[in-house]
Amino acid sequence: MEFGIAIPQTYPDTARIQRFLRRAEEMPFTTAWCIEQVIGTAPVLESVTTLAYAAAITKRLRLGIAVLLIAQRNPIDLAKSLSSVDVLSNGRLMVGVGLGASSRHYPAYGLATEGRVARFRENLEIINRLWTEDRVTFHGRFSQLDNIPMQPKPVQKPRPPIWFGGHVEAALRRAVELGDAGAQGSAAWPPLRRA
């Protein structure tokens, strides 16, 4: 059995985070996780940045996010940021993705709430293709990519494991449809079937 631990990214104190992660590496934990919370009153560090910081402090722990709300993010920027963390951590990144329970903050991002599942699926496909293809051409409902390259690619091949988070039946169906059993029992994402 493997155990993971949550990175203390709330009420941030860099010395505390360093001590915490160094101690976690000495213990039998295999993973360290952070959460995604961009909008809110609690002082929570941004998740991808937190993992980049953790990558510099640790050598052994696999580093994960539970979970990125990818329908609220630009898929090109996110693919690049996550690929960079995988490179900086020497292939220790795990990516948790989800739709999120609420769409109430969509207007703050300039997004419409309708089509959010389609946006989630489209963003996931773009991220995967940017990680695994030399150049990406994609004409979707929300994004248009014409012969777009992205380097560096993740260290992990064909890509970092992608985990699916959710607690409603539709989220579980998406995880079953889009996920497959990867190494270490993770749900890694295969090429998407168009819906």
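Numbers below:
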| item | result |
| --- | --- |
| Spacing of the two label points (7 Å from each Cα toward its C-beta) at Q151 and Y11, in nm | 4.6 nm |
| Helix axis angle, 116-132 relative to the chain longest principal axis, alpha carbon, degrees | 70 degrees |
| Correct choice for Rg/Rh (Cα atoms, Kirkwood Rh) that was computed from the model, options (1) 0.98; (2) 0.95; (3) 0.92 | (2) |
| Burial ordering of V38, V67, fewest other beta-carbon atoms within 10 Å first | V38, V67 |
| Separation of alpha-carbon centers, region 1-61 and region 106-149, rounded to whole Å | 28 Å |
| All aspartates and glutamates inside 12 Å of K153 as judged from Cα atoms, apart from same-chain residues fewer than 8 positions distant | D86, E133, D134 |
| Proxy reagent accessibility, fewest Cβ within 10 Å first, across I70, I57 | I57, I70 |
| Largest to smallest principal axis extent of the C-alpha atoms in region 23-108, angstrom | 43, 27, 18 |
| Estimated 222 nm signal from helices in the chain, with DSSP H stretches of n ≥ 4 weighted -39500 (n - 2.57), rounded to 500 | -10500 deg cm²/dmol |
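The numbers here are math on the coordinates, done by the rules we state, and not lab data. Please read all numbers here as calculations on a predicted model, not as lab measurements. Positions of Cβ are generated from backbone atoms using ideal geometry, with glycine treated the same way; all protein chains shown enter the neighbour counts.
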